[in-house]
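Colleague: Have a look at this one before I ask anything.
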Amino acid sequence: MASNMSENKLLNILTDMKHYHKGYAEYCRKTTKWQELQKWTECAEFESNVVTNLSKKLSGQMDQQIRVLGVGSGDGILEIYQLQKLAAKFPKISASVVEPSELITKYKDTAGRNPVADNITFEWHHRTFDEYLACNGYDKKYHFISVVHAVYFLGDPEVFMKKLYKLLEPGGVLLLILLTDHTGSGSIPLHQSGLKDDTTTNNFVNSSQVKATLEKLQIEYTQSMYTESTDITDFITNDNSEEGDLLLDFLTYTINFKKSAPDDVRDRMMHHFKQGSRIEKTGDGDEKIYFKATCDILFVTKREYAGEYAK
Ligand SMILES: C[S@@+](CC[C@H](N)C(=O)[O-])C[C@H]1O[C@@H](n2cnc3c(N)ncnc32)[C@H](O)[C@@H]1O
């Protein structure tokens, strides 16, 4: 059972990437993110903000290769949808993938088993974004950079935003997808903010911070959003579900949340999850509880002359 609140510390899940990846695998099984983002990549917004935008900028050099960078690509499912859209328009694509975890092996397998398109070549970087920069520097610039649900790991938003912007070609497009701070698990740190020594609250990067950073750096962006749902039935209805607990840990950014959170915080969190959920009946009469989260989609296009962050 939970200990006294004043003695309590919640351990940030990012301090144990093995645990994080177990939780992430559970989340991947239970979320509608894949369907939602595949639909979104198929829709006019990706086409106009990325494909059309880049083809206008590159109209004089359409025979050239475009360079694409994925940061925190995971197993590549979402990037492959994006690359397929680009491959239909541009004759040659060089795709660089930066992913520090073993998920990069899955990405390689998928890309190798089922060639994404004949006109794409891959370059694999099994390392963090900062390690990539330490090895490769800024000489290679990219026409399109995709960072989907990975900014949470990149540290100070002002620092990583300058780095990403510097890696863009003039006229290039940066796509950032991340949780908003007012719904879903993005709002959770607010509910935990009363905790002593809570590194989770201090370290979390949300879309408000990223947008404020872009505004401070006077980098223009456009935005839209999508909504995803996660099936949280396991940890709401079953106290002894290992899978449910892993998902709960992932959504609260906390190791062993159920056991380590003080009672009042745990109750508040469960209330938060129930409030943000809807119940659906399945075909066989069971009930499923779905927790909703909205995510921001931000597009940054680098100006042709982009001042001090361009160099
Ligand atoms: C939530 S997952 C998102 C994966 C993928 N983009 C997607 O949306 O399916 C975040 C990914 O960022 C990776 N990551 C963690 N720290 C990183 C770092 N410092 N630099 C680059 N990627 C990082 C993780 O290994 C993980 O695969």
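Taken together, the values in this text are just the output of simple stated rules run on the coordinates, not laboratory data. Computed from a predicted model, the values in this text were never measured in an experiment. Here the Cβ is made from the backbone with ideal geometry for all residues, glycine too, and neighbour counts use every protein chain on show.
Colleague: GLU169's amide H: which non-local residues (gap 5+, or another chain) put their own amide H closer than 5 Å, with H modeled 1.01 Å from N in plane and none for Pro or chain starts?
Modeller: The answer is TYR142, HIS143.
Colleague: Let me ask something additional. Expressed as an acute angle from 0 to 90° and rounded to the nearest 10, what is the orientation of the C-alpha long axis of helix 263-275 relative to the principal long axis of the chain?
Modeller: Approximately 60 degrees, to the nearest 10.
Colleague: If each residue's Cβ is checked for other Cβ atoms within 10 Å, how do HIS143, HIS125, HIS271 rank with the fewest at the top?
Modeller: Placing the least packed residue first, the sequence is HIS271, HIS125, HIS143.
Colleague: For PHE46, what is the net charge nearby, where nearby means another residue's Cβ is under 13 Å from its Cβ and Lys, Arg count +1, Asp, Glu -1?
Modeller: -2
Colleague: Another one. Within the stretch 272-305, list the GluC sites (Glu not before Pro) lying in a DSSP loop whose Cβ has at most 16 other Cβ atoms in a 10 Å radius.
Modeller: Counting only loop positions with at most 16 other Cβ atoms within 10 Å, the GluC sites (Glu not before Pro) in the stretch 272-305 are GLU304.
Colleague: Whole-Hz Karplus ³J(HN,Hα) for the stretch 18-25, in order, using 6.51 cos²θ - 1.76 cosθ + 1.60 and θ = phi - 60°, x for Gly and Pro?
Modeller: Computed from phi, the couplings for the stretch 18-25 are 5, 5, 4, 5, 5, x, 5, 4 Hz.
Colleague: With a cap of 15 neighbouring Cβ atoms within 10 Å, and only residues DSSP puts in a loop, list the trypsin sites (Lys or Arg not before Pro) found in the stretch 84-178.
Modeller: Loop-located and lightly packed - LYS140.
Colleague: Sequence-distant or interchain residues sharing an amide H contact under 5 Å with VAL116, placed H: which?
Modeller: For VAL116, whose amide H was placed from the backbone, there are no distant partners under 5 Å.
Colleague: What's the exposure ranking of ILE77, ILE279, going from fewest to most Cβ atoms within 10 Å?
Modeller: Going from least to most buried by this count: ILE279, ILE77.
Colleague: Considering the stretch 222-311, what Rg and Dmax in Å follow from its alpha-carbon atoms?
Modeller: Taking only Cα atoms of the stretch 222-311, I get Rg and Dmax of 19.0, 60 Å.
Colleague: In addition: Where in the stretch 238-255 does the label zone of ARG29 land, with the point 7 angstrom along Cα→C-beta and an amide N cut-off under 16 Å?
Modeller: Flagged as within label range: 238-251.
Colleague: Continuing with the same structure: Which order do CYS43, CYS28 fall in if you start with the one that has the fewest other Cβ atoms within 10 Å?
Modeller: The order, fewest Cβ neighbours first, is CYS43, CYS28.
Colleague: Here's a follow-up. Using DSSP to call loops (not H, G, I, E or B), can you name the chymotrypsin sites (Phe, Trp or Tyr not before Pro) in the stretch 83-163 whose Cβ has at most 16 other Cβ atoms within 10 angstrom?
Modeller: Here the sparse-neighbourhood loop sites are TYR138.
Colleague: Between TYR138 and LYS18, what length comes free when the chain is fully extended (0.36 nm per residue of separation minus the Cα-Cα distance, one decimal in nm)?
Modeller: Extra length available between TYR138 and LYS18 comes to 40.2 nm.
Colleague: How many percent of DSSP beta bridges within the chain run antiparallel, rounded to 5?
Modeller: Roughly 55 percent of the DSSP beta bridges within the chain come out antiparallel.
Colleague: Let me ask another. Local charge sum around SER229 (other residues, Cβ-Cβ under 10 Å, Lys/Arg +1, Asp/Glu -1)?
Modeller: Neighbourhood net charge equals +1.
Colleague: Taking the Cβ of GLN209 as the centre, find all other residues whose Cβ is under 13 Å away and add up their charges (Lys, Arg: +1; Asp, Glu: -1).
Modeller: Residues close to GLN209 contribute a combined charge of -3.
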